[in-house]
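Input: a single structure, listed below in structure tokens.
The values are calculated or read from the model by the stated rules, or taken from the named source; none is laboratory data. Note that the coordinates shown come from a computational prediction; the quantities given were computed from them, not determined experimentally. Glycine gets a Cβ as well: all are built from the backbone with ideal geometry, and neighbour counts include every protein chain shown.
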Amino acid sequence: MKQVQVAHIAKSFGNVEAVRDVTFEVDKGEIFGLLGPNGAGKTTTIRVMLDIFKPDAGTVSILGGPMSEEKKDLIGYMPEERGLYQDIPLERCLVYLATLKGLSANDARRRLGDYLDRFDLLPHKNKKVKELSKGMQQKAQIIAAILHDPELVIIDEPFTSLDPINTQLVKELMGELHDKGVTIIMSTHQMHQVEELSDRILLINEGKNVLYGNLNSIRRDYAGHAVMIKTNETIPDIPSIESIVQHNSATKLILTEGTSPQDVLGALVAEDITLDKFEIALPTLDEIFIKVVKEGSEENNKM
């Protein structure tokens, strides 16, 4: 079942085309990455999905049809801009927001205790929200988006202001929700943060689709002519290796045109090189994005 279906939406604000042509679908129970640089149109796309903005063109189906008041209780949304009430205590704020989604105050308070403890916010529950650090407020916003146990979670820039430890906590939480069958859309410009979580992605730039599909398939399609190896030995001079680049504890071998990874593996084995690792070098999403944007600019310059 498709939880979200977006077809050729467009949205302008005056002369600014925030979204020009965006199309994608999100399957039930998947973690979907909505990615792109700042200003690409991700947040506007989300707001069109949630019926906050009406599209100038295109259609949206969410949870099986148009948005309704009933469906809003089944959705958890964390906006990029902080939306917490600043002048009331944290616990009261989060309990109140949960009651707006249909929970009783008692149920909200009971659920909240575990999350506050998990995110190290329990000692701060009686502080006013404005007294919390940016990272604490970010964690509180994530809790607000999931406390009512939604079917669909949409989080915009979830890792803003989080240190590595709390970033990992959020990733683990998203993984647990995924295991429960919750559908998650994660929107961010920090593409490397989503690579380990998402099965499928949409990469947008300047308000339109750039790449869409299975992440591993996309990475294989854009794999360069290179392999990654790990060895404690000196790599000999092999004609099929064009250049050698060190990547932390691994080594990237750039292959000459017409050389296959199997050719290089055979050559290394023939030289009695002991390999701890040998695999095709797959590019990161950042590397793919740069390549795609560069190719698009070159095409536009030819026109």
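Observations
- Residues located in the range 249-267, provided they are under 31 Å from the mean Cα position of the chain (by Cα), free of Cβ contacts under 8 Å to residues at least 24 places away in the same chain and over 9 Å from Val227 (Cα atoms): Ser249
- Pairs linking a residue in the range 232-246 that is closer than 13 Å to Glu271 by Cα and free of Cβ contacts under 8 Å to residues at least 60 places away in the same chain to a residue that is of a type in the set (A, V, I, L, M) and assigned to a loop (DSSP other than H, G, I, E, B), with Cβ atoms under 8 Å and 6 or more positions apart or on different chains, are Glu233/Ile273; Ile235/Ile273; Pro236/Ile273.
- Residue within the range 13-35 that is farther than 30 Å from Phe119 by Cβ, assigned to a helix (DSSP H, G or I) and not small (Gly, Ala, Ser) present: no
- Checking Leu122, Leu103 one by one, the residue that is aliphatic (A, V, I, L, M), surrounded by fewer than 20 Cβ atoms within 10 Å (Cβ to Cβ) and on the phi < 0 side of the Ramachandran plot is Leu122 and no other.
- Selected residue (only one of Ile165, Ile155, Ile184 is more than 24 Å from Ser217 (Cα to Cα), touching a residue at least 60 places away in the same chain (Cβ under 8 Å) and in the same structural domain as Ala10 (by TED's automatic domain parsing)): Ile155
- Across the range 191-215, the qualifying residues are those that are in contact with a strand residue (DSSP E or B) (Cβ under 9 Å, 6 or more places away or on another chain) and without any contact (Cβ under 8 Å) to a residue 40 or more places away in the chain, and the one among them that is nearest to Leu50 (Cα to Cα) is Gly213.
- Scanning the range 124-152 for residues that are over 14 Å from Glu91 (Cβ atoms) and among the charged types (D, E, K, R) gives Lys130, Lys134, Asp149, Glu151.
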